[in-house]
Amino acid sequence: MLRKKQDSNEFEIINILEMAKIVYSDGKMDIFKAIQISDNGVYTGRIINNKFVNGGFIPKNSIKHIFSNGKKIFSKKIDNW
């Protein structure tokens, strides 16, 4: 079934934490340039040309703590397909 494309002037707000330190459940630690927190876990990556480029994923049950110094807010255009 085909969906009709709607007017694509809708935007989603994305919160990105910069220079984030993630402490895992087993006590190990990693530092990432940028992360995006979702319901299922954390997307890791970096910011290039004011866009978040996804580089990996860490499941929620593997994370004990998240520490960050900075926060950026981006808006992403929503595809209505």
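Worth a mention:
- Residue match in the range 57-65 (condition: modelled with pLDDT of 90 or more, within 13 Å of the chain's Cα centre (by Cα), assigned to a strand (DSSP E or B) and not β-branched (V, I, T)): yes
- Every pair of residues 6+ apart whose Cβ atoms lie under 6 Å, when the first sits in the range 14-37 and is farther than 25 Å from F74 by Cβ and free of Cβ contacts under 8 Å to residues at least 24 places away in the same chain while the second is of a type outside the set (D, E) and surrounded by fewer than 16 Cβ atoms within 10 Å (Cβ to Cβ): M29/V23
- All positions within the range 7-19 that are surrounded by 11 or more Cβ atoms within 10 Å (Cβ to Cβ) and either on the phi > 0 side of the Ramachandran plot or at pLDDT below 65 (or both): S8, M19
The values are calculated or read from the model by the stated rules, or taken from the named source; none is laboratory data. Source: prediction; values computed, not measured. Glycine also receives a Cβ, built like all others from the backbone with ideal geometry; neighbour counts cover every protein chain displayed.
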